[in-house]
Amino acid sequence: MKESLTSLGAFVFARWRYALGAIVILLLAGYMLFGRSANPGATMTVSVGDFSEQIRVSGTVTAAQNVDLGFATSGRIAGTYAKVGTYVEAGTILAETENGDLIAALAQKRAALAEAQANLASLQAGTRPEEIQVAATAVASAQASLVNAIQNAYTVCDDAVRNKADALFTNPRTNPKLSFSVTNAALESTVERERSTVDSALANWALMITKLSSANAADSAKQAQAYLTQVTALLADANLALNQGVPDQITSAATLSSYGTTLATARTNVNTTATALTTAATALDAAASTLALKQAGSTSEDIAAQQAAVAAASADVRSAAAKIVPTRVIAPFSGIVTRMDAKVGEIVSPTTSEISMQSDGIFQIETYIPEVSIANVAPGNTATTTLDAYGPAVEFPSDVVLVDPAETVKDGVPTYKTTLSFLSPDPRIRSGMTANVTITTGTLHDAIVIPTAAVGTDADGPYVSVMQGGATIRRHVVAGGSPALGRTRIVSGLSAGDTILLSPR
């Protein structure tokens, strides 16, 4: 009996063990099928901002040493600025060749950049109420000036016709006839007809003056200019008739001459007031346009265009500054000048060393940067350095002090020797240590930058897995290169606020 119970227990235990195993397998399968799909993995939310462009290279710490320096280009030495035995700071200009035109060009580029930046700031700030009020006041002032110009033009034209030109006519207002004989009968008829027409124009002009206001000044000015044109034509043709006038028993040569003098005065006065009227009308148009622009404010297109102008001006400044660098010998580190063979007026070439320095004990880093990464590296770039001896958590600030103009071929690849200097002495730094350097070469503004690992590639190109409505979709993007190690800039395809997987599917 006891043996039977024992056998029965073993059988039940075995069956229970198999059942438990089956349950475990089902649970694991359920997790693989449902649990994993519910957890897509690590995500990040896309944002737009400024991002530092960086390159990472390795180098070697070198001890304080002597260095021979020379010019990167040929030229005539314009100045030397240090003597043997002088202590100089890193970045000090020790000597330079003639470069006045380059410096002047750089100053112009910087002024243009400052102006572009100021214009952008103004656009982004928008128009202040005070500016709109000033523009509105300018419009009101221009309107008042135009009203005065129209009134004055009428007064001058009325005087020119009725007090001066009418001396040439009999019955000028009812049946105008020239009071002297003219050899050209057609011209005589034209002048008499014009005098009759001008009388109507002056009457209409006088009526318009009674209704003149700042509100209708612009339209009234156009009509006044038409009246002016009629008066000007009359005076011009009357002058031609005088030139062809024939003295007789009634009108002597002396009388014709006096008519000419009077008419010349009238023409001068009319021409002057016509110019004043045109100037006043133009000033009102300009003031009204300015007010309209200020009231409208800045458009997004205007701001984008000005941002592009700022970027272009910044590039011009960098380009102009880069042209000056080869004309100067700059101290690559702080130290003592031990040789100064450069003489003002001497012609130098890149193959000759003119100056020597001895560092003051601050260690340097020598690294070789590949051609594809050297474009934006320049003296003054800031950098962060870590040493293998202390691990990536211990950082030493440094900056670029020298970039060799000539290439050095390393493993068949053109590279450029770049020297960096630690910003301060540190007893932990020793010669021969391996350094890992991150150099900041610029800033991307308003950019989307994500981890490179988040970008996948399929037959249609690069893509990113985006969380949308609880599901994961594949969205293809346009990548704009890598501004830093492990980072990719996204030119299009993503927007601020998108949630993406750090491991694309």
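Scanning residues 5 or more positions from residue 53 or on other chains, those with amide H under 5 Å from its amide H are 441, 442, 443, 444, with H placed 1.01 Å from N in the peptide plane. When the P(r) is computed for the range 136-291, the part past 19 Å accounts for 55% of the Cα-Cα pairs. Can you tell me which lysines have their Cα less than 24 Å from the Cα of residue 164? Leave out same-chain residues fewer than eight positions away. Straight-distance partners of residue 164: 177. Cα axis of helix 185-210 to longest principal axis of the chain: angle in degrees, 0 to 90, nearest 10? Taking the Cα atoms of the chain, the angle to 185-210 is about 60 degrees. The distance between label points at residue 197 and residue 371 comes to 7.8 nm (points 7 Å beyond Cα on the Cα→Cβ vector).
The separation of the range 366-422 from the range 75-118, counted between C-alpha centres, amounts to 24 Å. Entry for the range 48-192 at q = 0.12, 0.15 Å⁻¹: log10 I(q)/I(0) = -0.93, -1.09, Debye formula applied to identical alpha-carbon scatterers, no solvent contribution. Estimate the FRET efficiency between residue 473 and residue 121 by the formula 1/(1 + (r/R0)^6), using the beta-carbon distance for r and 41 Å for R0, to the nearest 0.05. Working from the Cβ atoms, E equals 0.55. Distance distribution note for the range 79-149: the fraction of Cα pairs above 16 angstrom is 74%. Straight-line cross-link reach from residue 211 at under 25 Å between alpha-carbon atoms covers these lysines, not counting any fewer than eight positions away in the same chain: 222. Using only the alpha-carbon atoms, how far is helix 129-158 inclined from the longest principal axis of the chain? Give it as 0 to 90 degrees, nearest 10. Helix 129-158 sits roughly 20 degrees off the main axis of the chain.
Listed by chain and number, the lysines whose C-alpha is less than 28 Å from the C-alpha of residue 83, apart from same-chain residues fewer than 8 away, are 323, 343, 417. Going from the fewest other Cβ atoms within 10 Å to the most, the residues 420, 69 appear in the order 69, 420.
When +1 charges are put on Lys and Arg Cβ atoms and -1 charges on Asp and Glu Cβ atoms, the dipole computed for the chain relative to its Cα centre reaches about 1360 debye.
From the C-alpha gyration tensor of the range 294-374, pull out the three semi-axes of the equivalent ellipsoid (sqrt of 5λ each), sorted largest to smallest, in whole Å. Can you show the working numbers first?
On the way: eigenvalues 370, 64, 38 Å².
After scaling each eigenvalue by five and taking roots: 43, 18, 14 Å.
Taking amide H positions as modeled 1.01 Å from N, with prolines and chain starts lacking one, the residues under 5 Å from residue 488 and 5 or more places away or on another chain are 450, 452. Taking Cα atoms only, the orientation of helix 2-30 departs from the longest principal axis of the chain by about 20 degrees. Between residue 378 and residue 453, what is the FRET efficiency for a Förster distance of 22 Å, r being their Cβ-Cβ separation, to the nearest 0.05? Step by step, r from the Cβ atoms, then E = 0.10.
Here the range 330-362 and the range 242-274 have alpha carbon centers that stand 84 Å from each other. A Cα-only calculation for the chain places Rg and Dmax at 43.6, 174 Å. Annotation: for a label point projected 7 angstrom from Cα along Cα→Cβ of residue 323, residues of the range 103-118 with backbone N closer than 16 Å are 103-113.
No lab work stands behind these numbers, since they all come straight from the coordinates. Being a predicted model, the structure only gives us computed values, none of them experimental. Note that we place each Cβ from the backbone using ideal geometry, even for glycine, and neighbour counts take in every protein chain shown.
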